[in-house]
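The values are calculated or read from the model by the stated rules, or taken from the named source; none is laboratory data. As the structure is a computational prediction, the values presented were derived from the model and not from experiment. Quick reminder, even Gly has a Cβ in these numbers, built from the backbone with ideal geometry, and neighbours come from all protein chains shown. To get the accessible areas, we keep the full protein, side chains included, count just its heavy atoms, and leave off ligands, DNA and RNA. Shrake-Rupley method; radii C 1.70, N 1.55, O 1.52, S 1.80 Å.
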Amino acid sequence: MEELGAPVRRTWQNVLILAVVTAEAVVQVVIGTTMLDVARAFLTVLLGVALVLRHRHWPWLLPLVLAANAGAWSVSVLVIGCYTYATRSHQRLRTLLVALLAVVSGVAPALLLQVEGTSGAGGITGLVLVVLIVAASAAMGMYTSTRRMLLAQLHQRAEQAESGRAVAQDQARRAERTRIAREMHDIVAHKISLVALQAGALEVNPNLEREQVQQSAGLIRQTATTALSELREVLGVLRGDGEEAPLAPQPTWDDVRRLVTTSQEAGISVDLFDFIDDPVPDQLARTAYRVVQEGLTNIHKHALHTKARVALIGEPGTDLVIEVSNVLPKGFMTDLPGARMGLSGIETRVTHAGGTISSGPTDDGRFEVRAVIPWPMPT
């Protein structure tokens, strides 16, 4: 619409300019008494036609029109020329020089008539009148030019703000997707590894008694149900805007201890060394839960038949130290795939909490995941 509106607006401007200039020329002919007045009217029309060509050649055409206006002595050409040049020129010095040229061309005929003694009314009054007309025209043109520049800048800033908001929204969506993917990994990897471990125990022991088989099957069912429930709660945030997504219950410090118990029930040889006597803040407990969960998941997947341990040490005002380690396995390979985002995910969590995390083999033949997280004093 704007591309189509600009040519139409320009056409109407040209028509209006020609109409005003022609009307002034007609008045000059009607009230004129000599052939000089007719010539001035004809020159006024020619200058009006020249103003129509101002769009492409304005830097040199408009000053030329204003200079030639000394012969036509046209008020409309004077006003339109000054205003048009001021709206297009962004250099104030050039605008002032062109305005001075317009004053000179406008005053010259009156001064000439005064010298010849033809008219005595064109002296100081005519000079003041021309100066006021030129000053008003140039001032309006500069105001219009400044306003256009300001609107263009505001429009550009609005476009940049809109683009920046779109980028921020895209980054927020990506961050949310990453967070959901990390939550899904933490839940699914741990629970499914337990299911695979329990099912594997049934597969390699076909001669188990019926009661043992039922117990293992019940444990598999319970683990799978818990994983499905937690996964459904995480995916609840992906519902539509008109639906309310229930908030998933966040892990507490008791859930950290329960992770070890669940792994022990699944057949993992893991010991818990819990030296925490003070209440652990919920946010710190959630971070610790994910660290222990990921460490045990890796043990389930890659070090099934080794002896493991989980150590929890710390108190308010110091650091919470979490150590999940296992004896390095020999010749054991797992068929469970790795998502390669577990350790990266808990590293992000720990770093966000202001702590540090390290993982790798130790000198005593173990693989250890060790996280140190600040434990603030209760307020």
Keeping all protein chains in the complex and leaving out DNA, RNA and ligands, what accessible area do you get for Thr261 with a 1.4 Å probe, in Å² to the nearest 10? 60
Could you calculate the FRET efficiency of Ala311 with Ala168 from 1/(1 + (r/R0)^6), where r is the beta carbon distance between them and R0 is 41 Å, rounded to 0.05? 0.45
By how many nm would the segment from Trp60 to Leu16 lengthen if fully extended, with 0.36 nm per residue of separation less the alpha-carbon distance? 13.6 nm
Burial order of peptide ranges 39-45, 94-100 (average beta-carbon count within 10 Å, highest first): 39-45, 94-100
What is the sum of charges around Gly106, taking Lys and Arg as +1, Asp and Glu as -1, for the other residues whose C-beta is under 15 Å from the C-beta of Gly106? 0
Using Cα pairs closer than 8 Å and at least 6 residues apart in sequence, work out the relative contact order for segment 1-92, in percent. 26
If R0 is 30 Å, what FRET efficiency do you get for Asp363 and Asp278 from their C-beta distance, rounded to 0.05? 0.45
